[in-house]
1. Quick check on packing: order 63-75, 14-26 by the mean number of other C-beta atoms within 10 Å, highest mean leading.
2. I'd like the orientation of helix 86-106 relative to the chain: the angle between its Cα long axis and the longest Cα principal axis, in ° from 0 to 90, rounded to 10.
3. Below 8 Å between Cα atoms, with a sequence gap of 6+, how large is the relative contact order for the chain in percent?
4. Using the structure shown, list the pairs from K2/K99; K2/K86; K10/K38; K7/K30; K99/K148 with a Cα-Cα distance above 31 Å, or answer none.
5. Mind checking the full-extension length gain between R122 and E34? Use 0.36 nm per residue of separation minus the Cα-Cα distance, one decimal, nm.
6. Suppose only helical runs count, i.e. DSSP H with n ≥ 4. What mean residue ellipticity at 222 nm does that imply for the chain under -39500 (n - 2.57) per run, divided by all residues and rounded to the nearest 500 deg cm²/dmol?
7. Taking the 0 to 90 degree range and rounding to the nearest ten, how far is the long axis of helix 47-58 tilted relative to the main principal axis of the chain, both from C-alpha atoms?
8. Please give the FRET efficiency for K148 paired with E11, using the beta carbon to beta carbon distance and R0 = 30 Å, rounded to the nearest 0.05.
Amino acid sequence: MKKIILKEFKENAVFRLEENLRIIFIAFSKITEEMLWKRPTEGGMALGNQILHSCGNMTQYISASLGEQKDERNRDIEFSTNAGSKEELLTLLTTTVQKAQDTLQNATLLQYETVREVQGFRLSGIGVVLHAVEYFSYHTGQIAFWVKQLTQEDLGFYAGVDLTHNNQ
């Protein structure tokens with residue numbers, strides 16, 4: 001039974017990472033290079049910083065912690081950098097998501113059950129993945145909101161999909 005639940009958990013975590021990546025690609029298709037580093041407020045995060053921060057968090061939690069790799073995150077750089085193109089950032093994000101998905105798929109039951117410390121929090125592998133996927137979704141929502149503000153456009157994430165269909 002544990003293997004069935006773990007398989008379902010892995011599949012859904014991978015799907016959510018992929019879905020957020022899809023949404024970010026759509027959002028970024030609507031912005032110019034000049035919009036990439038514009039901050040919503042003085043203390044706010046530009047779209048480029050959102051990507052760098054999402055990559056840093058996902059790498060630290062999934063690839064380093066769950067995947068038992070060395071944690072080399074430099075969190076401060078994620079907020080202070082203002083260099084890089086849309087293409088470079090989307091390539092970095094795609095690579096980071098793929099590594100995270102590979103780690104999720106290849107992690108053992110023991111790795112998911114093991115409790116470890118990440119950023120001062122004690123989490124099981126399940127907790128690590130829940131945090132990372134939820135956190136990526138949170139930043140994806142911030143990206144979508146800021147792009148809508150910058151462009152004054154509907155981003156059409158689910159264009160052509162009938163979302164009014166009721167559950168059976």
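1. Details: 63-75: 15.5, 14-26: 17.5.
The densest-packed peptide leads the list: 14-26, 63-75.
2. Orientation of helix 86-106: about 20 degrees from the principal axis.
3. RCO, the chain: 33 percent.
4. On the way: K2/K99 24 Å; K2/K86 41 Å; K10/K38 35 Å; K7/K30 36 Å; K99/K148 29 Å.
Violating the 31 Å limit, Cα to Cα: K2/K86; K10/K38; K7/K30.
5. Values: separation 88, 0.36 × 88 = 31.68 nm, distance 4.00 nm.
Extending this stretch completely gives an extra 27.7 nm.
6. Working: 6 runs with 98 residues, N = 168.
Calculated from helices alone, the mean residue ellipticity at 222 nm is -19500 deg cm²/dmol.
7. Helix 47-58 and the main axis of the chain meet at about 0 degrees.
8. Values: r = 30 Å, r/R0 = 1.01.
FRET efficiency, K148 to E11: 0.50.
Every number in this text was worked out from the coordinates using simple rules, so none of it is lab data. Since the structure is predicted, the reported quantities are computational estimates derived from the model, not experimental observations. Neighbour counts are summed over all protein chains in view; Cβ atoms, including those assigned to glycine, are modelled from backbone coordinates with ideal geometry.
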